[in-house]
1. Does LYS99 meet the test of being closer than 23 Å to ASN44 by Cβ, part of a loop (DSSP other than H, G, I, E, B) and not polar (S, T, N, Q)?
2. Only one of (1) crowded, with 16+ Cβ neighbours inside 10 Å; (2) touching a residue at least 40 places away in the same chain (Cβ under 8 Å) is not met by VAL74, so which one is it?
3. What is the number of the single condition among (1) under 13 Å from the mean Cα position of the chain (by Cα); (2) over 27 Å from LEU159 (Cβ atoms) that GLU60 does not meet?
4. Looking at region 103-122, is at least one residue of a type outside the set (Gly, Ala, Ser), outside any helix (DSSP H, G or I), surrounded by fewer than 13 Cβ atoms within 10 Å (Cβ to Cβ) and free of Cβ contacts under 8 Å to residues at least 60 places away in the same chain?
5. Can you name the condition, by its number, that HIS47 falls short on among (1) surrounded by 15 or more Cβ atoms within 10 Å (Cβ to Cβ); (2) on the phi > 0 side of the Ramachandran plot?
6. Based on what the data block shows, is SER37 free of Cβ contacts under 8 Å to residues at least 40 places away in the same chain and either over 17 Å from the mean Cα position of the chain (by Cα) or buried (at least 19 other Cβ atoms within 10 Å of the Cβ) (or both)?
7. Taking into account only those residues within region 13-31 that are exposed (fewer than 10 other Cβ atoms within 10 Å of the Cβ) and not hydrophobic (A, V, I, L, M, F, W, C), which is modelled with the highest pLDDT?
8. Determine, yes or no, whether SER40 is among the hydroxyl-bearing types (Ser, Thr, Tyr), at pLDDT 95 or above and closer than 22 Å to GLU137 by Cα.
Amino acid sequence: MNMKEHILAALREQFQSWEQLLATMNDEQINRPLLPSQWSIKDNLSHLWAWQQRSFARSESAKANREPVFPEWVPGVDPASEGEIDQTNAWIYMTYQAKPWSTVYQDWRKGFLRFIESGEGIPERDLLDSDKYPWLEGHALAAHFLGSYDHHQEHLEKLNAWLTEHGE
């Protein structure tokens, strides 16, 4: 198995881990704040989806061999950088908090699968070459795929710890 296949396999496993967890939860659990945070599981998925759209924009740009076209982002924050994380995360929460669970879940699910599919269309050498895409400023595109995996894993671990701590 080459590196690209490893990365995509890890993303598929991450997707399945989330799917399995979410399948065990009811609407009340999904929408309840995970105290002491104000964020619910729904809010966490909106957050992951919003950040993943940026990774997807990069992967699609790589396939088309053009500069990325990022989705709407925090006013005043450069969409090409991660910028001010706390400000960005607060904006994501405020922007998507009112979306119903069914929409959040479908957006996240479709987005995650589309991201994996996008990665399948990029040659491994292009995924790993840190000089291939000047707009990545010396980073390999693979870093954004791995970053998406890590971001989902970080939230999954925190969620599982919260659920265990609260007997759920």
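1. Answer is yes for this residue.
2. (2)
3. So GLU60 meets the others, but not (1).
4. No, every residue in region 103-122 fails to be of a type outside the set (Gly, Ala, Ser), outside any helix (DSSP H, G or I), surrounded by fewer than 13 Cβ atoms within 10 Å (Cβ to Cβ) and free of Cβ contacts under 8 Å to residues at least 60 places away in the same chain.
5. Of everything listed in (1) surrounded by 15 or more Cβ atoms within 10 Å (Cβ to Cβ); (2) on the phi > 0 side of the Ramachandran plot, HIS47 misses just condition (2).
6. yes
7. So the residue we want is GLN20.
8. Criteria not met by SER40.
The values are calculated or read from the model by the stated rules, or taken from the named source; none is laboratory data. Just so it is clear, the model here is predicted, and its values are computed rather than measured. So basically every Cβ, Gly included, is an ideal-geometry build from the backbone, and we count neighbours across all protein chains shown.
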